Amino acid sequence: MRAFRILLLIALVVLAVPYGLAPLYRTGHPVSSLMAWHSLKGAPVIRHWVDLPAMSPALPASVVAAEDAHFCKHHGIDWGALREAIDDAQEGEKVRGASTITQQVAKNLFLAWLPDVIRKVFEFPLALWIDFVLPKQRILELYLNTAELGPSGQFGAEAGADHAFGRSATMLTTREAALLAAILPNPVKRSARNPSPGVRRLAGTYMIRAQGVRRCWAEDR
């Protein structure tokens, strides 16, 4: 019983660490827990940090259009999208992803090592905390520099752009930015370098959506 209590205490301390670290991530170039795990396994990790203002403006717009259309409105959790996902599940329909960019930042930086079901329990309150202590611009910058964007250890927009197009994330065209956004759900199976018809179709949709996205990350500058 005592051993269980000690293990529980250790687990709680480990899970509390992100709440102390998140405010410190207003600056710096943090690595994600998945990047750290790759390194521990001896797998390749390629990441070159690029500040958000230096990126092609088409990239954050495309990613927000693809991943989190209400990024500028919610406070870490998109409750409307979550309710729709729950309704779809209850009706037996295909469940659409409802994770916000802020939730994905919480997962990427701190929680990728947890099983999906358990992770979600901790991801929700942590996403709310991250939205509270960090500005939207920084949250998006963290996401675009930690998201997996290639099949062989490419993390972040710069490594993803170089792998797919042989150019910097600062120089991406609108179409290239949309193609990178289209592979985000599974950059190992989806390719921006050699896009399938499905990826090309998604990229076309995101190019259109990106034109109407509110750019709150630019307003923070």
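Is there a residue being assigned to a helix (DSSP H, G or I), small (Gly, Ala, Ser), at positive phi and modelled with pLDDT of 95 or more anywhere in the stretch 154-177? Walk me through how you get there before you give the answer.
Residues of the stretch 154-177 assigned to a helix (DSSP H, G or I): 156-165, 169-171, 174-177.
From the residues that got through so far, the ones that are small (Gly, Ala, Ser) too are 156-157, 159-161, 164, 169, 177.
Those left that are additionally at positive phi: 156.
Then drop every residue that is not modelled with pLDDT of 95 or more, which leaves 156.
Checking the stretch 154-177: at least one residue is assigned to a helix (DSSP H, G or I), small (Gly, Ala, Ser), at positive phi and modelled with pLDDT of 95 or more.
Can you confirm whether the stretch 142-162 contains a residue that is of a type outside the set (Gly, Ala, Ser), more than 17 Å from the chain's Cα centre (by Cα) and surrounded by fewer than 23 Cβ atoms within 10 Å (Cβ to Cβ)? Spell out how you get there, then give the answer.
Within the stretch 142-162, the first condition is being of a type outside the set (Gly, Ala, Ser), and the residues that meet it are 142-146, 148-149, 151, 154-155, 158, 162.
Now restrict to residues that are more than 17 Å from the chain's Cα centre (by Cα): 162.
Those still in the list that are surrounded by fewer than 23 Cβ atoms within 10 Å (Cβ to Cβ) too: 162.
Yes: one or more hits.
Looking only at residues that are out of contact with any helix residue (DSSP H, G or I) (no Cβ under 7 Å at 6 or more places or on another chain) and in contact (Cβ under 8 Å) with a residue 60 or more places away in the chain in the stretch 6-28, which one is farthest from residue 111 (Cα to Cα)? Break it down into steps so the answer makes sense when it comes.
Initial filter on the stretch 6-28 (out of contact with any helix residue (DSSP H, G or I) (no Cβ under 7 Å at 6 or more places or on another chain)): 6-14, 16-17, 20-21, 24, 27-28.
Next, only the ones that are in contact (Cβ under 8 Å) with a residue 60 or more places away in the chain stay: 17, 21.
On the way: 17: 11, 21: 13 Å.
Looking at residues that are out of contact with any helix residue (DSSP H, G or I) (no Cβ under 7 Å at 6 or more places or on another chain) and in contact (Cβ under 8 Å) with a residue 60 or more places away in the chain, I get 21.
Would it be correct to say that residue 39 is open to solvent by less than 50 Å² (accessible area, probe 1.4 Å), closer than 30 Å to residue 178 by Cα and not β-branched (Val, Ile, Thr)? I'd like the intermediate steps shown before the answer.
Values: open to solvent by less than 50 Å² (accessible area, probe 1.4 Å): no; closer than 30 Å to residue 178 by Cα: yes; not β-branched (Val, Ile, Thr): yes.
Here the answer is no, as residue 39 does not meet what is asked.
Which numbered condition trips up residue 218, out of (1) part of a helix (DSSP H, G or I); (2) modelled with pLDDT under 95; (3) open to solvent by 50 Å² or more (accessible area, probe 1.4 Å)?
(3)
Right, residue 196: hydroxyl-bearing (Ser, Thr, Tyr), over 18 Å from residue 52 (Cβ atoms) and in contact (Cβ under 8 Å) with a residue 40 or more places away in the chain or not? Reasoning before the result, please.
Numbers: hydroxyl-bearing (Ser, Thr, Tyr): yes; over 18 Å from residue 52 (Cβ atoms): yes; in contact (Cβ under 8 Å) with a residue 40 or more places away in the chain: no.
Answer is no for this residue.
Condition check: of a type in the set (Ser, Thr, Tyr), outside any helix (DSSP H, G or I) and modelled with pLDDT under 95. Does residue 39 satisfy that? Write out each step before concluding.
Details: of a type in the set (Ser, Thr, Tyr): yes; outside any helix (DSSP H, G or I): no; modelled with pLDDT under 95: yes.
No; evaluated as a whole, the condition is false for this residue.
Take the conditions open to solvent by less than 20 Å² (accessible area, probe 1.4 Å), on the phi < 0 side of the Ramachandran plot and under 18 Å from the mean Cα position of the chain (by Cα) and apply them to residue 33. Does it pass?
Details: open to solvent by less than 20 Å² (accessible area, probe 1.4 Å): no; on the phi < 0 side of the Ramachandran plot: yes; under 18 Å from the mean Cα position of the chain (by Cα): yes.
No.
If residue 121 satisfies every condition in (1) under 18 Å from residue 48 (Cα atoms); (2) at pLDDT below 95 but one, which is the exception?
Evaluating residue 121 over (1) under 18 Å from residue 48 (Cα atoms); (2) at pLDDT below 95 leaves (1) as the failure.
The values are calculated or read from the model by the stated rules, or taken from the named source; none is laboratory data. In this text the structure is predicted, and so the values were computed from the model without any measurement. Quick reminder, even Gly has a Cβ in these numbers, built from the backbone with ideal geometry, and neighbours come from all protein chains shown. We work out accessible area using only protein heavy atoms, side chains counted, and drop any ligands, DNA or RNA first. Shrake-Rupley method; radii C 1.70, N 1.55, O 1.52, S 1.80 Å.
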